[in-house]
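First comes the structure, then the notes that go with it.
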Ligand SMILES: CC(C)(COP(=O)(O)OP(=O)(O)OC[C@H]1O[C@@H](n2cnc3c(N)ncnc32)[C@H](O)[C@@H]1OP(=O)(O)O)[C@@H](O)C(=O)NCCC(=O)NCCS
């Protein structure tokens with residue numbers, strides 16, 4: 001599978017994947033996604049001053065999934081990003097989600113100054129929870145009646161992953177003052 005950055009020309013793939021009931025019901029998206037809305041989102045993400053990372057996974061030239069890291073906007077939360085991921089139903093359970101998560105975590109840990117990645121996941125989304133746990137995400141609590149889903153207020157878990165080996169600067173040792181000899 002090829003993992004690459006999303007581009008505005010992927011808009012039809014995003015609309016196709018996000019328009020599937022099994023996908024949007026598990027996200028905070030709505031049915032009937034609009035092409036114009038997704039075009040604007042993808043164009044925004046491609047702006048040079050944006051620090052979001054939006055990836056897609058391609059199999060045989062077809063986009064089958066996407067995953068993104070979106071920095072928290074507050075100055076004091078510059079070490080934090082929100083994560084979103086989706087794989088089209090016919091490609092689920094074949095490792096696409098794992099490959100996308102690996103790429104996001106490598107980027108966060110090695111390049112993006114991120115120490116905390118956070119998300120919410122519906123409490124009955126066993127596959128997503130398993131995927132997140134595999135990458136070191138921990139449960140931090142449960143929000144009750146968090147979002148309307150198919151006419152029912154559904155609960156979500158808050159989950160987050162802290163950098164497993166926070167980077168340290170290898171400063172040269174300070175020269176020690178020498179004691180004058182008498
Ligand atoms: C959640 C999602 C991204 C996972 O992607 P995927 O390509 O299906 O995941 P993978 O094939 O890489 O498998 C991920 C893990 O789930 C496990 N898994 C597969 N099917 C499962 C099932 N029915 N129940 C529980 N775990 C399952 C796999 O064994 C794997 O865990 P492991 O690596 O510890 O063995 C994908 O199913 C999806 O897009 N769902 C709809 C949208 C969604 O829920 N997004 C997340 C919102 S928080």
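The values are calculated or read from the model by the stated rules, or taken from the named source; none is laboratory data. Since the model is a prediction, treat every value here as computed from it, not as a measurement. FYI the Cβ positions are ideal-geometry reconstructions off the backbone, even for glycines, and counts take in every protein chain you see.
Summary of computed values
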| quantity | calculated |
| --- | --- |
| Flag if residue 131 is at pLDDT 95 or above and more than 10 Å from the ligand (Cβ to nearest atom) | no |
| Any pair with Cβ under 6 angstrom, 6 or more apart, that starts in region 117-141 at a residue that is under 10 Å from residue 101 (Cβ atoms) and ends at one that is within 6 Å of the ligand (Cβ to nearest atom) and assigned to a helix (DSSP H, G or I) | 131/97 |
| Residues being under 16 Å from residue 134 (Cα atoms) and either more than 6 Å from the ligand (Cβ to nearest atom) or part of a helix (DSSP H, G or I) (or both) - total across region 85-100 | 5 |
| Answer from 117, 85 - the residue that is under 18 Å from residue 17 (Cβ atoms), surrounded by 15 or more Cβ atoms within 10 Å (Cβ to Cβ) and touching a helix residue (DSSP H, G or I) at 6+ places or on another chain (Cβ under 8 Å) | 85 |
| Number of the exception - residue 126 against (1) exposed (fewer than 15 other Cβ atoms within 10 Å of the Cβ); (2) within 16 Å of the ligand (Cβ to nearest atom); (3) closer than 25 Å to residue 51 by Cβ | (3) |
| Residues of region 107-116 that turn out to be touching a residue at least 40 places away in the same chain (Cβ under 8 Å) and either part of a loop (DSSP other than H, G, I, E, B) or within 16 Å of the ligand (Cβ to nearest atom) (or both), as a count | 3 |
| Some residue of region 136-145 being closer than 24 Å to residue 18 by Cβ and in contact with a helix residue (DSSP H, G or I) (Cβ under 8 Å, 6 or more places away or on another chain) | no |
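Residue-by-condition table, conditions (1) within 9 Å of the ligand (Cβ to nearest atom); (2) buried (at least 17 other Cβ atoms within 10 Å of the Cβ); (3) under 13 Å from the mean Cα position of the chain (by Cα); (4) part of a strand (DSSP E or B):
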residue	(1), (2), (3), (4)
102	no, no, yes, no
136	no, no, no, no
146	no, yes, no, yes
177	no, no, no, no
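Okay, residues lined up against (1) more than 18 Å from residue 27 (Cα to Cα); (2) surrounded by fewer than 12 Cβ atoms within 10 Å (Cβ to Cβ):
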site: 107; (1), (2): yes, no
site: 159; (1), (2): no, no
site: 166; (1), (2): yes, yes
site: 169; (1), (2): yes, yes
site: 181; (1), (2): yes, yes
